[in-house]
Amino acid sequence: MSTQKICCAGFGGQGVLSMGKLLAYAGMLEGKEVSWCPSYGPEMRGGTANCAIVVSDEPIGSPVITAGATASIVMNLPSFEKFVNIVGPGGNVILNSSLIDKKVERTDINAYYIPANDLAKELGNPKLMNIILLGALIEVDKTVSVQACLDAFTKVFGESKAKFIPINKEALAKGAEYVRLHH
């Protein structure tokens, strides 16, 4: 029996909420109970955005995560302090080291530093950095399968975006590969 509680946080416009939606939909496609709870800062773009995703084998009590998260994906410095601290002992933090130059000081959690902006540039599309970080998370905690994420893609972004599935598959793989090679 497992319950994964994941927080994604970053600037508005970094794909924080859509990354969370992708994870929740993938969990749903795998027959799990899911919740997705978005939260916005004062401005949509440039402000902070975060979302809480719960993927579980049993009914979910609360969609809000204030402590005891199993993982956080942190995409910028303002999100760093807040979302590293809500991860419970033994949990995972996936950091976008392209934008965060700090290191996690806690010794009771696992930190993965992924230069997501740089890796996205290598793929020729800076917007893919959220998918790279998602790929890293899936490699670390196996919340959902990569295939479920790809299957969820058109559900979240619409059929017209199906042509972007191959490059997103590459982005997921790049995040996973970075974790395997560097951690």
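The values are calculated or read from the model by the stated rules, or taken from the named source; none is laboratory data. This is a predicted model, so every value here is computed, not measured. Every residue, glycine as well, gets a Cβ built from its backbone with ideal geometry; the counts of neighbours run over all protein chains shown.
Do any helices (runs of 4 or more DSSP H) entirely within segment 109-159 hold 3 or more residues that are more than 29 Å from D57 (Cα to Cα), and if so, which?
In segment 109-159, 116-122 are the helices (runs of 4 or more DSSP H) which contain 3 or more residues that are more than 29 Å from D57 (Cα to Cα).
Out of I53, I73, I6, I need the residue that is in contact (Cβ under 8 Å) with a residue 40 or more places away in the chain, surrounded by 14 or more Cβ atoms within 10 Å (Cβ to Cβ), among the hydrophobic types (A, V, I, L, M, F, W, C) and more than 19 Å from K155 (Cβ to Cβ). Which one?
Numbers: I53 fails: more than 19 Å from K155 (Cβ to Cβ); I6 fails: more than 19 Å from K155 (Cβ to Cβ).
That would be I73, the only listed residue that is in contact (Cβ under 8 Å) with a residue 40 or more places away in the chain, surrounded by 14 or more Cβ atoms within 10 Å (Cβ to Cβ), among the hydrophobic types (A, V, I, L, M, F, W, C) and more than 19 Å from K155 (Cβ to Cβ).
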Requested in this report: Could you list all residues from segment 124-142 that are at pLDDT below 95 and within 14 Å of M19 (Cβ to Cβ)?
Outcome: K127
Report task. Could you please let me know if G175 is exposed (fewer than 15 other Cβ atoms within 10 Å of the Cβ), modelled with pLDDT of 95 or more, closer than 20 Å to C7 by Cα and not acidic (D, E)? Result -> no
Report summary line: Scanning segment 76-96 residue by residue, the ones that are surrounded by fewer than 20 Cβ atoms within 10 Å (Cβ to Cβ) and closer than 24 Å to G47 by Cα total 7
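Would you mention how many residues in segment 88-104 are part of a strand (DSSP E or B) and under 16 Å from the mean Cα position of the chain (by Cα)?
Kept after step one, since they are part of a strand (DSSP E or B), are these residues of segment 88-104: 88-96.
This time we only want the ones that are under 16 Å from the mean Cα position of the chain (by Cα), so: 91-96.
The qualifying residues number 6.
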